[in-house]
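The numbers here are math on the coordinates, done by the rules we state, and not lab data. Model, not experiment: these values are computed from the prediction. Methodologically, a virtual Cβ is constructed for each residue, glycine included, from the backbone with ideal geometry; neighbour enumeration extends over all protein chains shown.
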Amino acid sequence: MQPASSSLQLAELTADNVVEACRIKVKQGQERFVAPVAESLAEAYVHRETAWPRLILDDGRVVGFVMGNFDPENEISAFRAGIWRLNVQDLEQGRGYGRFAVAAVADEARRRGFSRITVLWIPGEGGPEGFYLKLGFRPTGEEMGGEVVGELQL
């Protein structure tokens, strides 16, 4: 089942929705592939100049979280524009919310003048590699801290 695209939007984090954001839980077994939203928000706080955290909403209902990062001067090319986190609520997975979030980060990157975005993933059974490959990301051949670096040309 695919959600109606007109019902999907991204929202900034606020005092009114931060607790709900922290309640997002991925499927059991996926926890080893993505940090909890609360940890992502702490990272966004300390990287507030470059981090781009957003809730994924479907008709106003929180279904996930995505955090992009836009840092054109970063000495590490994989950290100049890309996806740092993507968490979709366990029972909401497979409905197009992750695809919507990736497209939104890509759109924001284009708006800022970038020609590619990156994502890092931990390889393994049940991990996000297949999802990112289906969306057009390709491994660069680099690894960072045991994670594969993937890129999507925009």
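Among the residues of the stretch 110-136 satisfying the criterion of being within 13 Å of the chain's Cα centre (by Cα) and within 18 Å of N69 (Cα to Cα), which is surrounded by the fewest Cβ atoms within 10 Å (Cβ to Cβ)? Filtering the stretch 110-136 for residues that are within 13 Å of the chain's Cα centre (by Cα) and within 18 Å of N69 (Cα to Cα), the one surrounded by the fewest Cβ atoms within 10 Å (Cβ to Cβ) comes out as L120. Could we say that F131 is within 25 Å of Q9 (Cβ to Cβ), in contact (Cβ under 8 Å) with a residue 24 or more places away in the chain and not in a strand (DSSP E or B) here? Answer is yes for this residue. Restricted to strands (runs of 3 or more DSSP E) entirely inside the stretch 4-94, those with at least 3 residues that are hydrophobic (A, V, I, L, M, F, W, C) and buried (at least 16 other Cβ atoms within 10 Å of the Cβ) are 51-58, 61-70, 81-88. For first residues located in the stretch 19-42 and more than 16 Å from F131 (Cβ to Cβ) and in contact (Cβ under 8 Å) with a residue 12 or more places away in the chain, partners that are charged (D, E, K, R) and in a helix (DSSP H, G or I) and lie 6+ apart or on another chain with Cβ distances below 7 Å form the pairs K25/D90.
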